[in-house]
1. Give me the dipole magnitude in Debye, nearest 20, for the stretch 1-125 about the Cα centre, with unit charges on the beta carbon: positive for Lys and Arg, negative for Asp and Glu.
2. For Q100 and E206, what is the calculated FRET efficiency with R₀ set at 51 Å and r taken between the beta-carbons, to the nearest 0.05?
3. At what distance in nm do the modelled label points of E253 and Y34 sit from each other, each positioned 7 Å from its Cα along Cα→Cβ?
4. Starting from the Cα of E225, step 7 Å along the direction of its Cβ; do the same at W133; then give the gap between the two resulting points in nm.
5. Stretched out fully, how many nm does the piece from C162 to R266 gain, at 0.36 nm a residue minus the Cα gap?
6. Quick one: dipole size for the stretch 45-116, taken about the Cα centre, charges +1 on Lys/Arg Cβ and -1 on Asp/Glu Cβ, in debye to the nearest 20.
7. Pop the C-beta distance of E280 and H82 into the FRET formula with R0 = 45 Å and round what comes out to the nearest 0.05.
8. Whole Å is fine, so just give me how far the alpha carbon centre of the stretch 1-47 lies from that of the stretch 94-164.
Amino acid sequence: MSEQYDNYIYEHKSNVGKAYTWLLEHHLIDGNYYIMLNLVNSHDASKFSEEEYNAYDTYFYGNNITPEEQENFNAARLHHIHNNPHHWEYWVVAQEDGGQQILEMPKQYAIEMLCNWWSFGFKSGNLYEIFDWYNSHKGILLHPDTRAYIESLLNAIHEILCAEDAGAAQNLLQNKVDTVNDTGFELIDMPELPQEQAEDSMQPKELTPEEDMQINDYFTDELIEKTAEELLTGKQMLIGSAFGDYWLIQVNERGENISKNGAGIRINAAVKRRLEHEIEKRGGIVSDPLNPENNN
Ligand SMILES: [Zn+2]
């Protein structure tokens, strides 16, 4: 197990969530906050599987790859592509006559693919990188409808970014939403976007005092103890969202989110502190998913 590789995967997943959140908050996709949390949690989950983990870790973080390690990586990559519909290769069928059949990607996977590509811009801080990247990867095989959808999203993103940089987001947004709509994909209605929201779409969602109290009441001392036990035994996980808040989710042995509504339970700072205290009493440490640098 390499910590470096683990951190890389967690950071990548969180950047995929940021890309999704951006699309959501600019009304370019028809999704919601729960889908975003689920996406962050399930994206690339197979990278932690037996078939992929060691081979990827060795390939990217080992020194001097042997021919055997190279072969292991090839097999792991094939496993990854065959198990993750957000990869375009998943939808390409090689045929006996040497040709290929390219299937249309369901919209949710096309969006996840775009977020996957764009996540690297959120990592580097240059959200424009994706346009050159896309233009230099013309070998990517997409069904014509999928390509039209992806390119309409890319064009809309580009124009919104430029408009935001020019401080004139508001006027252009509706226009772009109409353009994406013309590709025939259904989009949510475009509400009037308050100016502050347009300028700063990554604000954490504050809890109201009522919500804060509800959360405190819900977490009795007994529930805090039970939750601390489950966090220590890996039955629950504390995750952070792209909005900067914390959620408890139920997970299976493979770390996949099995919470009822896909979203888990939101907690506040007080409950987080109480949980940390309980866990420390049991000799454990809570790692903070939003501030990994504070974890040592
Ligand atoms: Zn992947």
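1. Working: 6 positive and 18 negative charges, 115 e Å.
The dipole of the stretch 1-125 has a size of about 560 debye.
2. With a Förster radius of 51 Å, E is 0.55.
3. Distance between the two pseudo-spin positions: 2.9 nm.
4. Label at E225, label at W133, 4.8 nm between them.
5. Numbers: separation 104, 0.36 × 104 = 37.44 nm, distance 3.46 nm.
Stretched fully, the C162-R266 segment lengthens by 34.0 nm.
6. Value, rounded to 20: 320 debye.
7. 0.60
8. Measuring centre to centre over Cα atoms gives 16 Å.
Each value in this text was obtained by applying a stated rule to the coordinates, not by laboratory testing. Since this is a predicted model, take the numbers as computed values, not measurements. Using ideal geometry, Cβ is built from the backbone for each residue, glycine included, and neighbour counts are taken over all protein chains shown.
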